[in-house]
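Student: Before I ask anything, here is the structure I am working with.
The values are calculated or read from the model by the stated rules, or taken from the named source; none is laboratory data. Bear in mind that the values here come from a model prediction, so they are computed numbers and not experimental data. Glycine gets a Cβ as well: all are built from the backbone with ideal geometry, and neighbour counts include every protein chain shown. To get the accessible areas, we keep the full protein, side chains included, count just its heavy atoms, and leave off ligands, DNA and RNA. Shrake-Rupley method; radii C 1.70, N 1.55, O 1.52, S 1.80 Å.
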Amino acid sequence: MSETPSETDGRVKHALVTGVSSGIGAAIAQQLLGEGWAVTGFSRSAPAFSHERLAHVPVDIADRAALGGALSGLAGVDAIVHAAGILRVGVLGSLDPVNGQAMWRLHVDAAEQIVEALAASLPEGARIVFIGSRTAAGSAGRAQYAATKAALVGMARSFAIELAPRRITVNVVAPGATDTPMLRDPNRASVAPKMPPMGRLVKPEEVAATAAFLLSKGAASITGQQIVVCGGASL
């Protein structure tokens, strides 16, 4: 990855990335830092890596007031990447509404809150990327999770329509089973991930590379799309 600063009007471009403490969010932050971006990272715990262009803000994104406070002090953002997420599983007959509410808050409501707070200050040509999931199309035992990720796609497309006149793109990167700590969460033990046809799990770095492409000049005309990265699982 290049360490040449990614610049806009002579300044280093600045991305807000949520969920930077681990998994896909950490991989995205590291990818962007390697490409010369400055990154503000939101997460409850600090990431295991450091960088001179990384500013970590400790915040519980699921807490609306705390997230609002963190956003109020943020300026000069050229890109938003919302990667924070959780997975809670359950089949019909044992669904817990608390789990559904927690996933809705983190995946959908927090994304809305972030974009609502920053949209007016984004420059022309800014980028927004949400990390969704291949399961948005439906998956047994993951109905509540799938519902939040499907809602994220609808919201992204709606935002994309509104922001297109300012040439701000809004897209969703939807991974299949990815080798992250969330995949090994005990809360999902009852619903095992399915190995993709390629015979291995998706790597966080592959999802990060897709997100970084959507922030690049070459992706300036891609908006309102869901890009699935699943190792062939959706074929």
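Student: Being open to solvent by 40 Å² or more (accessible area, probe 1.4 Å) and either free of Cβ contacts under 8 Å to residues at least 60 places away in the same chain or under 23 Å from Ala146 (Cα atoms) (or both) is true for just one of Gly69, Gly85, Gly25, Gly100. Which residue is that?
Tutor: Among Gly69, Gly85, Gly25, Gly100, only Gly69 is open to solvent by 40 Å² or more (accessible area, probe 1.4 Å) and either free of Cβ contacts under 8 Å to residues at least 60 places away in the same chain or under 23 Å from Ala146 (Cα atoms) (or both).
Student: Can I ask one more? Looking at (1) surrounded by 23 or more Cβ atoms within 10 Å (Cβ to Cβ); (2) under 21 Å from Ile86 (Cα atoms), which is the only condition Ala48 fails?
Tutor: Every listed condition holds for Ala48 apart from (1).
Student: List the number of the failed condition for Ile80; all other conditions in (1) touching a Phe, Trp or Tyr at 6+ places or on another chain (Cβ under 9 Å); (2) open to solvent by less than 30 Å² (accessible area, probe 1.4 Å); (3) free of Cβ contacts under 8 Å to residues at least 60 places away in the same chain; (4) of a type in the set (A, V, I, L, M, F, W, C) hold.
Tutor: (3)
Student: For region 133-144, indicate whether the set of residues that are among the charged types (D, E, K, R), over 23 Å from Thr223 (Cα atoms) and free of Cβ contacts under 8 Å to residues at least 24 places away in the same chain is non-empty. Walk me through how you get there before you give the answer.
Tutor: Looking only at region 133-144, we keep the residues that are among the charged types (D, E, K, R), and these are 134, 142.
Filter once more, so that each one left must be over 23 Å from Thr223 (Cα atoms): 142.
Narrowing the set further to residues that are free of Cβ contacts under 8 Å to residues at least 24 places away in the same chain leaves none.
No, there is no match, as no residue in region 133-144 is among the charged types (D, E, K, R), over 23 Å from Thr223 (Cα atoms) and free of Cβ contacts under 8 Å to residues at least 24 places away in the same chain.
Student: Of these, Asp78, Asp60, which one is at pLDDT 95 or above, within 19 Å of Asn171 (Cα to Cα), touching a Lys or Arg at 6+ places or on another chain (Cβ under 6 Å) and not hydroxyl-bearing (Ser, Thr, Tyr)?
Tutor: Selected residue: Asp78, the only one of Asp78, Asp60 that is at pLDDT 95 or above, within 19 Å of Asn171 (Cα to Cα), touching a Lys or Arg at 6+ places or on another chain (Cβ under 6 Å) and not hydroxyl-bearing (Ser, Thr, Tyr).
Student: Taking Glu162 as the residue in question, decide whether it is more than 19 Å from the chain's Cα centre (by Cα), assigned to a loop (DSSP other than H, G, I, E, B) and at pLDDT 95 or above.
Tutor: no
Student: Working only within region 103-131, note down all residues that are crowded, with 23+ Cβ neighbours inside 10 Å and not hydrophobic (A, V, I, L, M, F, W, C).
Tutor: If the condition is that a residue be crowded, with 23+ Cβ neighbours inside 10 Å and not hydrophobic (A, V, I, L, M, F, W, C), then His107, Arg127 are the ones that fit.
Student: Of everything in region 181-206, what is at pLDDT 75 or above, open to solvent by 100 Å² or more (accessible area, probe 1.4 Å) and not in a loop (DSSP other than H, G, I, E, B)? Give them in sequence order.
Tutor: Hit for region 181-206 is Glu205, nothing else.
Student: Of (1) at pLDDT below 95; (2) open to solvent by less than 30 Å² (accessible area, probe 1.4 Å), Gly10 satisfies all except one. Which?
Tutor: Unmet for Gly10, out of (1) at pLDDT below 95; (2) open to solvent by less than 30 Å² (accessible area, probe 1.4 Å): (2).
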